[in-house]
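The values are calculated or read from the model by the stated rules, or taken from the named source; none is laboratory data. Here the structure is a predicted model, which is why all the values come from computation and not from measurement. All Cβ positions, even for glycine, are placed from backbone atoms using ideal geometry, and neighbour counts span all protein chains on display. For the accessible areas, the whole protein counts, side chains as well, though only heavy atoms, and no ligand, DNA or RNA atoms are used. Shrake-Rupley method; radii C 1.70, N 1.55, O 1.52, S 1.80 Å.
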Amino acid sequence: MTNGPRIQPHAIQEITTHTSTPDILANAQRDRERYGLDDVFIVDVDSHHSELASWPEIISYVEDPVLRDTAEQMMLHRPLAGKMALSSYDPGLALQDAGARIPHQSNLAEPIPPGDDHRDVELARRAMDAMSIDVQVVFPQPMLGIGLHPDPTIAVPLLKAYNRWFVEHILPKDPRIKSLIALPFEDPQACLETVHLYGDNPDVLGFMVTSQRHAGVHRNEYMRLYAELEERGLPLGFHAGPSWKDTMTSTMNRFLSVHAMSFVTCNMTHMTNWIINGLPERFPNLKVIWIESGLAWIPFMMQRLDHEYLMRQSEAPLLRQLPSDYIRQMYHTSQPLEVTDMKLLESTFTAMNAQDSLLYASDWPHWDFDLPSRIMNLPFLDRDAKLNILGGNARKLFGL
Amino acid sequence: MAISARPVAPDIVVARSTDVLEGRRHLVAVDDVHLGLFRFRGKLYAYENACPHMGGPVCQDRMVDGVLERIEDDRTSRGMTFDEDDPHVVCPWHGFEFRITTGEHAGFSKIRLRSFPVTEDGGEIRVRL
Ligand code: FES
């Protein structure tokens, strides 16, 4: 008998939408061992569950009886509306999976044995275990586009229904699952009510504005909301989202182009309004997080806004520091981290003081997700900075 | 003339010829090294199932022909088509596409899969790790 290598066919010859999360992420085990990730406290500040699978349930939470009936009739008589009724989902976004080249973006259709908890809770657990994540901030998917809904009288009640459903069915089911609750931003009063409803929930780490295109974040009617969040010590996130219908993206013919520009300009717009209107001065203790746009745009914004501000100070009289100083005091999530030029990335980290302000995010199960090893193998960071970014900064920010 | 003292690793029988049909692949584990074997127009290729991007299971996703954009003499675009001479394998984690015949990223050849010499004889496929 020889002691040759053990040869066996791989149990999974092809990864499809039906492959289980642990099998899709099996190769992440190498990083886990290489970097000792099990001993690192990792907070994932941006990940997603698929609320469309529970759409009829969510619709049952819509309070307005007429709207609820409209949705229920839609689902009854238009089979394709079963997972979409009332939503403004942009069909172009179905191109995200690059023609089914990236199966986990298309769907997580893996079998889950029936149990006490919702399927999405088990999916989140599987992802956390595979990536050694200790705490995961979970967001919806298509509902993130709610800021693009053409009709606020649908968008607001729909988001309220989703939030109630999420807080009852997903959030309390695992102590590792947390969230920043999405605000029905078109309606400032409803935003305040949302904070009053969920602000004391220990699993609610803060609130967020989603993919908003049509509201200036500096408008006076939002000041009570910001004051409320500041008083409660709850952070406000801005989760960017893509749209093919922005004036700029409407000329684009490839999803790649829309994705590259749309997230970034969404956050750039709000950040510009936020800073130039002096909101960091009006709410000095309100913590702001910019979510899901990578980091490459940040040094650009620092230089661009500083440059303009110095020439036109009279248009931003509330500012007491340079725009770049305010940016440095804000938080950013890391994903999708642009790593094609390490020197540029290192300069970006330095410019934004990343070691004290950057928060690791996976964005799982989206197609451009980042593993924790993305941070661990950055050559220019020392270990303390890596641990801060993976979990230490989030621990401080959210009081975890 | 210097003579290399480096020992040559033996070829390891990793599969039968019939395991890797024309235009298909076969994933095999050799201890803890996972390999993707591919056959295209009779020739065999062997790559490690670890993506140079972030370590993803690069040999386990869709095999799909490379995409070309058709440009006319007047430089107008006439849309996309598949190149049947250039099969790709896609990494399921983030979509990096690699040429099965060379192991290089289809758009940036400096990024490549780790490949292994592969031979076939007497119905057996051997790989040198
Ligand atoms: S790990 Fe293969 S594309 Fe990212």
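Count, please, the residues in the range A:138-185 that happen to be within 13 Å of the chain's Cα centre (by Cα) and either of a type outside the set (Ser, Thr, Tyr) or open to solvent by 30 Å² or more (accessible area, probe 1.4 Å) (or both).
Adding up the residues that qualify gives 12.
Restricted to the range B:105-129, and to residues that are of a type in the set (S, T, N, Q) and assigned to a strand (DSSP E or B), which residue is surrounded by the most Cβ atoms within 10 Å (Cβ to Cβ)?
B:Ser115
Filter the range A:122-152 down to the residues that are assigned to a helix (DSSP H, G or I) and at pLDDT 95 or above and list them by number.
The answer is A:Glu122, A:Leu123, A:Ala124, A:Arg125, A:Arg126, A:Ala127, A:Met128, A:Asp129, A:Ala130, A:Met131.
Inside the range A:1-92, counting only helices (runs of 4 or more DSSP H) that do not spill past its ends, which hold 3 or more residues that are under 28 Å from the mean Cα position of the chain (by Cα) and surrounded by fewer than 17 Cβ atoms within 10 Å (Cβ to Cβ)?
Here the list reads A:28-34.
Being without any contact (Cβ under 8 Å) to a residue 60 or more places away in the chain and charged (D, E, K, R) is the filter here, so list the residues in the range A:29-50 that pass it.
A:Arg30, A:Glu33, A:Asp39
Going through A:Glu51, A:Glu33 one at a time, which residue ends up being within 14 Å of chain B (Cβ to nearest Cβ) and of a type outside the set (S, T, N, Q)?
A:Glu33
Would you please name the residue that is surrounded by the fewest Cβ atoms within 10 Å (Cβ to Cβ), looking only at residues in the range B:52-99 that are over 16 Å from the mean Cα position of the chain (by Cα) and among the β-branched types (Val, Ile, Thr)?
Among those that are over 16 Å from the mean Cα position of the chain (by Cα) and among the β-branched types (Val, Ile, Thr), it is B:Thr76.
Among the residues of the range A:175-201, write down those that are touching a Lys or Arg at 6+ places or on another chain (Cβ under 9 Å), over 17 Å from A:Pro140 (Cβ atoms) and assigned to a loop (DSSP other than H, G, I, E, B).
Those that are touching a Lys or Arg at 6+ places or on another chain (Cβ under 9 Å), over 17 Å from A:Pro140 (Cβ atoms) and assigned to a loop (DSSP other than H, G, I, E, B): A:Arg176, A:Gly199, A:Asp200.
Answer yes if at least one residue in the range B:36-49 is within 13 Å of A:His10 (Cβ to Cβ), in contact (Cβ under 8 Å) with a residue 24 or more places away in the chain and within 7 Å of chain A (Cβ to nearest Cβ), and no otherwise.
There is no residue in the range B:36-49 that is within 13 Å of A:His10 (Cβ to Cβ), in contact (Cβ under 8 Å) with a residue 24 or more places away in the chain and within 7 Å of chain A (Cβ to nearest Cβ).
Filter the range B:50-81 down to the residues that are of a type outside the set (A, V, I, L, M), more than 10 Å from the ligand (Cβ to nearest atom) and within 11 Å of another protein chain (Cβ to nearest Cβ) and list them by number.
B:Cys59, B:Gln60, B:Arg62, B:Glu69, B:Ser77, B:Gly79
Out of the residues in the range A:354-397 meeting the condition of being among the charged types (D, E, K, R) and closer than 18 Å to B:Gly56 by Cα, tell me which one is surrounded by the most Cβ atoms within 10 Å (Cβ to Cβ).
Looking at residues that are among the charged types (D, E, K, R) and closer than 18 Å to B:Gly56 by Cα, I get A:Asp370.
Can you tell me which of B:Asp65, B:Asp73, B:Asp83 is among the acidic types (Asp, Glu), modelled with pLDDT of 95 or more and part of a loop (DSSP other than H, G, I, E, B)?
B:Asp73
Right, B:Ala46: crowded, with 18+ Cβ neighbours inside 10 Å, within 16 Å of the ligand (Cβ to nearest atom) and among the small types (Gly, Ala, Ser) or not?
Considered against the rule, which asks whether it is crowded, with 18+ Cβ neighbours inside 10 Å, within 16 Å of the ligand (Cβ to nearest atom) and among the small types (Gly, Ala, Ser), B:Ala46 comes out as no.
Please work out which residue is surrounded by the fewest Cβ atoms within 10 Å (Cβ to Cβ), limiting yourself to the range B:20-35 and to residues that are of a type in the set (A, V, I, L, M) and more than 7 Å from chain A (Cβ to nearest Cβ).
For the range B:20-35, the residue satisfying everything is B:Leu21.
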